[in-house]
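Single-structure report; data block below.
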Amino acid sequence: MNTNSEKHIIIAGFGGQGVLFLGTTLAEAAIIEGKNTTWMPSYGAEMRGGSANCFVVISDGEIPSPLFDEADYGVFLSKAAINKFENTISKNGLAIVNSSMIGERAFRSDIEYVLEPLSDLAAHSKEKMLLNIMALGLLIRKTSILTKESVIKALTKVSSAKKPEFLKFNLESFEAGYNLIKSTSLDNKALERAVC
């Protein structure tokens, strides 16, 4: 894990889950706070259903490269995403995981996991919850890499530019995710129980 001000975040899932929107919002919030940032998207040939990921770097200083081999934090919205990128998380790092989609599996003992059934929560909510923005809320609550206020401003700006009709749902989803935290960490046995 980086000890300086530079933080590396990998966000991954499949097309249609809002992976790139999440990354864009994170980068915009960093700009609002006066930080330097980069956003590097990548997606498969099929936008919806194919793999999608992005690399975000946030720093108080200059950023030498938008790419990195190790991430401080990961947001994994699908089984394929965690299988592909889990090992990029540095020791003592953090992984936000959509447990609705991963099933039973082994977990690393040297990083912290926050598992929440985001797909299920979004599908069964009375309001139209968005799992990617719920994951963003979890990330900000757990890491404090950016302030809640700057992320709300970024959500408002990015939503208004792309899909203004989703602004209400984005703001509500962020609040829902931000308030989801029930525990700070889980050991591997607790993790296995959590996803059974």
Point to revise | Odd one out for residue 181 among (1) outside any helix (DSSP H, G or I); (2) at pLDDT below 90; (3) in contact with a Ser or Thr (Cβ under 6 Å, 6 or more places away or on another chain) | key: (3)
Check your understanding: (1) within 24 Å of residue 130 (Cβ to Cβ); (2) open to solvent by less than 10 Å² (accessible area, probe 1.4 Å): which one isn't true of residue 90, the others all being true?
Key -> (1)
Review point. Given (1) surrounded by fewer than 21 Cβ atoms within 10 Å (Cβ to Cβ); (2) under 24 Å from residue 155 (Cα atoms); (3) out of contact with any Phe, Trp or Tyr (no Cβ under 8 Å at 6 or more places or on another chain), where does residue 69 come up short, assuming only one miss?
Key: (2)
Practice item. With the condition kept exactly as written, say whether any residue in segment 9-24 is farther than 21 Å from residue 83 by Cβ, surrounded by 14 or more Cβ atoms within 10 Å (Cβ to Cβ) and not acidic (Asp, Glu). Key: yes
Study note, to complete from the structure: Log entry, pairs with first residue in segment 116-132 being at pLDDT below 85, second being among the charged types (D, E, K, R), beta carbons closer than 8 Å, six or more apart or on different chains, reads 127/172
Practice item. State all residues of segment 116-136 that are in contact with a Ser or Thr (Cβ under 6 Å, 6 or more places away or on another chain), surrounded by fewer than 22 Cβ atoms within 10 Å (Cβ to Cβ) and part of a helix (DSSP H, G or I); if no residue qualifies, say none. Key: 119, 120
Review point. Mind checking whether some residue in segment 100-111 is in contact with a helix residue (DSSP H, G or I) (Cβ under 9 Å, 6 or more places away or on another chain), under 30 Å from residue 165 (Cα atoms) and either without any contact (Cβ under 8 Å) to a residue 24 or more places away in the chain or surrounded by fewer than 21 Cβ atoms within 10 Å (Cβ to Cβ) (or both)?
Key: yes
Revision key, fill the gap. The residue from 172, 149, 165 that alone is modelled with pLDDT of 90 or more, more than 24 Å from residue 37 (Cα to Cα) and open to solvent by 40 Å² or more (accessible area, probe 1.4 Å) is 172
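The values are calculated or read from the model by the stated rules, or taken from the named source; none is laboratory data. None of these values were measured; they are calculated from a predicted model. Every residue, glycine among them, receives a Cβ derived from its backbone with ideal geometry; neighbour counts consider all protein chains shown. To get the accessible areas, we keep the full protein, side chains included, count just its heavy atoms, and leave off ligands, DNA and RNA. Shrake-Rupley method; radii C 1.70, N 1.55, O 1.52, S 1.80 Å.
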